[in-house]
Structure formats: structure tokens, C-alpha cells
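Have a look at the structure below, then the notes.
The numbers here are math on the coordinates, done by the rules we state, and not lab data. Here the structure is a predicted model, which is why all the values come from computation and not from measurement. FYI the Cβ positions are ideal-geometry reconstructions off the backbone, even for glycines, and counts take in every protein chain you see.
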Amino acid sequence: MAIIKAKDLTYAYPIGTKHAFEDVTLDIEKGEFVILTGPSGCGKTTLCRCFNGLIPHFYGGRLEGEIEVVGMKVAEHQIHELAQHVGLVFQNPENQLFALSVEKDVAFGLENLGMPTEEIRKRVDWALQMTSIWDLRERAPYELSGGQQQRAAIASVLAMHPEIIVLDEPTSFLDPLGAQKILEIVNELNEKLAITIILVEHRLDLASRYAHRIIIMNNGKIVLDGEPRKVFDSEDARLAGVGIPKATRLFQILRDHGVSLGQVPIMSDEVSMMVKEALAHDRG
Amino acid sequence: MIEVKDVHYTYPNGVQALKGISLTLNDGEFIALMGQNGAGKTTLVKHFNGLLKPTKGEVLIDGVSTKDVSVATLARKVGFVFQNPDHQFFCETVEKEVSFALRNFGFDEESVKKRVDWALNLLDLTEYRDVSPFMLSGGERKRVALDSILAWDPEILILDEPTIGQDYAQKEKLRQFIVQLNAQGKTVIIVTHDIEFVAECKPRIILMADGRIVADGETTRVLTDLELVGHASLVLPEVARIFINLADLDMPREVVDIYDASRVLLERLGKTK
């Protein structure tokens, strides 16, 4: 069943006349891991703001068409209702954390809902463990590294037990190891807890291996939507100017020169395997 | 030329950020400073325009110690683009932001106008001339920050994390732009975590860990060395990973970009056809 259903969705911010996106029709299934990408200004962040009602309730503007999230019509439900089902993680964790300890930050959303203390304790501990920051629970967020802060931001969203987590370029401020750790955690939330993931990301080399589906937007429209290998191997992906994984590009260059290695790869390990097989096959 | 001679730096709170750095950066070089957060990269580059002065040792810019000149004088020669553009902005419009330093340096109005037009056009910002920098997207704000430095045409350009928030096409533009500046003889120093960007640009890499330099050399050597990369908390570029896994097949190891990779693979696979 689709957990997000958008039909002919068009939106314009209050300032300016240009549409941020146009005629977006989209079904996202429960448990899917979707990467949403495309050039800066293509409308992907704006689209994500509809998923928890920030658009239209906070930003205003003109929203046309229909969008339903977890069975609720976004236009008819308030942000605080939608936020219990859809968690949002931003690019810069500093913008999301404000309490004096990690633990208090993670508990904040639950306290706001007036949840019993015991239940809060349970959920906070669980969220801290899922994101591997249990040991840091008493530290102040500003004392943590960027990667640890981002994990704290994910924990505070996770504690709400959302069905959907939307992450808007969560790794762009992080060092490579920190980025990898975040993506691994997000993947676990998807695989173990069946949380639907929508990841806005430019760094496709790192992230693509986890995704079931890639959606590419350009100029406010969805231009490609499908299985990662198919999407990255299409001419349209190249034209949209997204960073196709190195493994896929290398495969394409070889294929253009008449060397075909089989199925389109998206990870470096796959290319190594294919080259090994090709050479072994030849010797044998 | 930048000469760094046994530089130590300790912050007022007692943190020893640099523990004996010596290096020479020649005119026209393209250098990437890499390493984990807290390794001392930003502390080091802040010595290049005199924002920080060494606790011990010295930094010479074209033979003059940074201790003997003001930051304002050094700024004319060494442009510094901060990681977070918001730390740099304070004017109401993009145009005012870009022209601010020019007026400060005493350029006449006509040159100010010419340079601003040139700089805005260069980074595709002309349409935002009258817009507040704070109304722009993260990627656009970074370009305004870069533009406001480029406008006065410094000889040495320091870019702290220039690729953050930039999409693929903008990164490609930035890469071409750096190559172009380099060809004009400018020294470009980037501080970055962006392994894939560096693998495509192939600058001289200076790798830092815990306040010291742990490696200094060509991209193909530094970023294919598992031990070094691990020591600096980085990861291998995707292409280098392919070749590390092929090491037992008598393939070259020092490959980091797809063009070299395809050449090597075509040679091996083409032959066996």
C-alpha cells in the first residue's frame, strides 16, 4: 500500500510566481528506501516539505493537486499530527539540536506530546541505541562531532516512532567515515524496522547501494523514477546532470568501447568482481 | 610562495592544534588539505592570511613573515573563502557584498563596477545582483562568498570546504574554474573531505592527522594507500577501491579516476578479447 500518494501536485512559494515543482505524481510504498536527487533548485527539498505538512501549513504559498501521507490528506491535518508519522532530518544538525544534553534533545518531541515518563525513557534509550550514541547521551550536542550530532538528530526523530523518515542531504557536512556511518544507520532503520526512507542526496556513490528506487527531479519535474541500475544507465540521468556513480560511469565507458561486463553496476566491488570474472573466463 | 617553518599553534583554551608543521607551497600550485575534523586543517590555513599567528615557528608569504604585516595587507594577496558563507555576509544585496572589499581596498567606482560585473557573471550570479544573500539557497550562498573574494583577484585563494551543498554540475564547474585559475598562475588551496572531488581534480594532497602532516604527495599515491587513508579517517575513492581488489591480478594500484581506470581496463580486457 502506498504510504505517500501525490497526484498532480504543483506548488509555488508565496514570494515569486514560479512554481517550485509542477505536476508531481508519485506513489511511495511502505518500507521503500527512495533516493531523491537532482540539481540544486530542482524542487526536491520543497517536495519533501509537503510530506510533513510544512507546506502548505508553515510556508504558505499555493499548493494544488492532492497529497496523502500515511492515509491523511496533508491539507487537512496539522504539522504536529503529521510530524508523529513523518520525521525530518536536515542537512546541518546544528539547526536541529538545542538542548543541553543529547538525551534531552531526543526526549523533547515526546515530552511535547505529553507522553508518560516511563514510555519516554524507554523510547529515548532505544533510539540512542539504534543510532549508536548511547555512550554520548549526557554530552552537550555542541561537544559532539558533526557525524555524532547528525546521529543525535536522527535519534530524536526516531524516538517518535515515525513510519517515514525524510533526510535532506544528511551527510553533506560530514567527513567520509561519518557519512558512511549515517547511511549504514539509515539502512538499518529501513531493513530492521521497515521505516520508509526518503533520502535527498547528491553523493550517489556512497548512498545508491542502499536504495530500492531513485527519483531524479529537474526543473520542478520528476524526470526519472525507477530501479537504481536502470535509472543511472539512462541517457536522461546524464542529461539531468546528476552524479552518476563512478562504477556505473566506468562500466559505460568500457561498454562504449565494446567491452561489456554484464549487468550495470552501481558499486566499486561489483566492478572488481566483473573484471576478475572476465579475466578468469578468458584464461579458462 | 608560502613557507611554513616548524609552526606550532595552541589555542587560548590550551588545545594544541598544530604540532610542528613545515612545508612549502609554490606559486601556481593546486593543493588539497585533507584529514579528519579536528586534524588542524582550518587552523593551518588561517595562518596563511595571518588570521592566526604561530605560537612557535613562522609563516612567510613571499618572504615576509605574517607577524610583520596586518591581516588587511595580507588579504589583498591571500583570499580566504569560509566554509560557512553566512559567517562572511553582512550586506543587504549580493552586489553590495561583492563590492564591499573592493571599496575597502580603495578601487575607484568604475573599477568596482567592472569587477563586480565580471565576478557575478563568472559564477552565474548576475540575476541575484539585487537579492539579499540570505534569500539564496546554500549552494548559491557559497558562490556569492567565493565571488566576493574573486572580485579583488588575490594571488592565493584558500577555499574551506568549497563543495559542500554543491550539486554535481556545480562541482564540475568549480573544478574547471580551479583549473583555469591555476593556469593563470594562481595558487589554489582547498580544505576538503570530498574524496571523489579530489580524485577527479588530482591536486597535491597534504594529509593531516592530530596536528601533524602525515603525507604530502600526488593524489594517485596518497589516496590509494590504505594505511594512510585509514590513519586520516578518510575512505578510498570508489575507483581506487576497484583496483585495490584487483591487486593480485597484476594491475596498477595507483588509479583514482575513471579515465585512467578505463584506459587500464580497456588495455587488459581488450587484449583478452
Checklist outcome for this item: If we keep only residues of segment A:270-279 that are more than 29 Å from the chain's Cα centre (by Cα) and at the interface with chain B (Cβ under 9 Å from one of its Cβ atoms), then the residue farthest from A:I216 (Cα to Cα) is A:L279
Checklist entry - Based on what the data block shows, is A:A207 buried (at least 20 other Cβ atoms within 10 Å of the Cβ), more than 11 Å from chain B (Cβ to nearest Cβ) and either of a type in the set (S, T, N, Q) or assigned to a helix (DSSP H, G or I) (or both)? => result yes
Checklist entry - Can you name the residue in segment B:109-156 that is among the hydrophobic types (A, V, I, L, M, F, W, C) and within 14 Å of another protein chain (Cβ to nearest Cβ) and is also surrounded by the most Cβ atoms within 10 Å (Cβ to Cβ) among such residues? => result B:V144
Checklist entry - Which of the residues belonging to segment A:10-44 are surrounded by fewer than 21 Cβ atoms within 10 Å (Cβ to Cβ) and either of a type in the set (D, E) or in a helix (DSSP H, G or I) (or both)? => result A:E22, A:D23, A:D27, A:E29, A:E32
Checklist entry - Can you tell me how many residues in segment B:180-194 are touching a strand residue (DSSP E or B) at 6+ places or on another chain (Cβ under 8 Å) and in a helix (DSSP H, G or I)? => result 2
Next on the checklist: Residues to consider are B:K5, B:K46; find the one that is away from every other protein chain (no Cβ under 14 Å), outside any strand (DSSP E or B), among the basic types (K, R) and out of contact with any Pro (no Cβ under 7 Å at 6 or more places or on another chain).
Outcome noted: B:K46
Checklist entry - When you go through A:A107, A:A83, A:A127 one by one, which is the residue that is more than 14 Å from chain B (Cβ to nearest Cβ) and closer than 15 Å to A:I182 by Cα? => result A:A127
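For every residue, the table says whether it meets (1) within 20 Å of A:G243 (Cα to Cα); (2) within 8 Å of chain A (Cβ to nearest Cβ); (3) surrounded by 14 or more Cβ atoms within 10 Å (Cβ to Cβ).
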residue: B:A232; (1), (2), (3): no, no, yes
residue: B:L236; (1), (2), (3): yes, no, yes
residue: B:D248; (1), (2), (3): no, no, no
residue: B:E267; (1), (2), (3): no, no, no
Item to check | Of all residues making up segment A:89-133, the number that are among the aliphatic types (A, V, I, L, M), surrounded by 14 or more Cβ atoms within 10 Å (Cβ to Cβ) and touching a Pro at 6+ places or on another chain (Cβ under 9 Å) | outcome: 4
Next on the checklist: Take the conditions at the interface with another protein chain (Cβ under 9 Å from one of its Cβ atoms), outside any loop (DSSP other than H, G, I, E, B), surrounded by 19 or more Cβ atoms within 10 Å (Cβ to Cβ) and of a type outside the set (G, A, S) and apply them to B:V198. Does it pass?
Outcome noted: no
Checklist entry - Applying the selection to segment A:238-269, what residues are within 9 Å of chain B (Cβ to nearest Cβ), farther than 18 Å from B:L266 by Cβ and either of a type outside the set (A, V, I, L, M) or free of Cβ contacts under 8 Å to residues at least 60 places away in the same chain (or both)? => result A:G241, A:G243, A:I244, A:P245, A:M267, A:D269
Item to check | Top-ranked residue of segment A:130-147 - restricted to ones that are free of Cβ contacts under 8 Å to residues at least 40 places away in the same chain and in contact with a Lys or Arg (Cβ under 7 Å, 6 or more places away or on another chain), ranked as nearest to the other protein chains (Cβ to nearest Cβ) | outcome: A:G147
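Just to verify a result, which residue in segment A:148-204, among those that are part of a helix (DSSP H, G or I), of a type in the set (G, A, S) and under 20 Å from A:N52 (Cβ atoms), is farthest from the other protein chains (Cβ to nearest Cβ)?
Filtering first and then ranking leaves A:S156.
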